[in-house]
Amino acid sequence: MRCMPEPATTSLDAALDAALRSRRSDHGGVPVGALLVPKRKLTSCRAALEAAVGDLRHGTRSDVRHALVVDRVTPDMFLLHVPATVAGVLDDPAAAPAELAAAVASAVGASGAVFYSGVRRCDALFGRALPPLAPRPGPPEAFTFAEVFAGIGGFRLGLEPLGGRCVFAAELDRAASRAYGAHWPAGGEPRAGDISSVHAADLPAFDLLTAGFPCQPFSDRGSKAGLLDLRGQLYRELVRLLSARQPAAFLFENVAGLVTMDGGARSASVARKAYTDAAFTPGRTWPRLVDALSHGEPHDAPRTCPGRPHLCAHRGGALAVRLRGVVEGGQR
């Protein structure tokens, strides 16, 4: 990837500079990173980025403000964590829309900022590391799972009665997160809001990754932008976690449009290749449509579960076989 030109000095001590640069990696997720900005330029840089991204309709200003978290790293220097739209431009300006690339370059250049790719908000460097998984008394669980794009906990509600233990949960929406916390009070497993803010290496080990990633880009209602929608790119965060942690299986859920939109060529085939690249066997990660009505539920809306027919992927063995039985047949 190509980065914006950087000033010769960063006004940071060598150890901190090296620590920030070490976060850069070809992680496979959505673009992330932070700008090192002089204190006197922080307000103007932040306002310029908000205006560039919001006014050019490559995001919304509320999205940008949510992502523009600030950390003070020296008395005169701040780290401004930028949203995926901005980080993507800074990682590879040539691949971005010309107007957006120019606006971001102007905002960054005027402030004399330095971009550190791969820096995430949830990091021990900033005093925001994930807490450890709390020990749980009693017999060991049948399997463990991490729940990403957790919503109000639908996967957890189904998997815990089958012997599973949730070891990590992430949900950005505040209302959904409050509902989740009301049903499962915090204090056991570590939790996060924005999954892109978390380093995959910091998550506890898990056997199964579950996710109900955003469906709006693939829904019959709305723009049907698919992968062209920023939310449609969030499946890449699941690929990042699969690649880094290599669980035995995964179970993802979305609307039927994921596999039917444009014959599935625009979305499902791209996502399927990404899961294959994360080391799941191609023939065992194809989506299956599931209609809740046919399972006795009063909800006539087919959903798609990529990987459900053959969740075990290429990682065979007793655990993979057991997880397939759990997910497909409700077997302990």
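Rule-based calculations on the coordinates, nothing more; no lab input. Just so it is clear, the model here is predicted, and its values are computed rather than measured. Counting neighbours? That spans all protein chains shown, and the Cβs are built from the backbone with ideal geometry, glycine included.
Quick notes on this structure:
- Applying 1/(1 + (r/R0)^6) with r as the Cβ-Cβ distance of residue 39 and residue 160 and R0 = 41 angstrom yields a FRET efficiency of 0.30.
- Hull volume in cubic angstrom per residue (convex hull over the Cα atoms of segment 90-224): 169
- 3J(HN,Hα) along segment 81-89: 6, 9, x, 4, 4, 6, 4, x, 5 Hz, from the Karplus curve 6.51 cos²θ - 1.76 cosθ + 1.60 with θ = phi - 60°, whole Hz, x for Gly and Pro.
- Karplus-derived 3J(HN,Hα) values for segment 131-138, using 6.51 cos²θ - 1.76 cosθ + 1.60 with θ = phi - 60°, are x, x, 5, 6, x, 10, x, x Hz; glycine and proline are entered as x.
- Amide H within-cut-off set for residue 251, under 5 Å, with H built and near neighbours excluded: 209, 210, 211
- Straightening the chain between residue 179 and residue 25 buys 52.0 nm, computed as 0.36 nm per residue apart minus the Cα-Cα spacing.
- In sequence order, segment 101-111 has phi-based couplings of 4, 5, 5, 5, 4, 5, 5, 6, x, 5, 9 Hz under the Karplus curve 6.51 cos²θ - 1.76 cosθ + 1.60, θ = phi - 60°, and Gly or Pro positions carry x.
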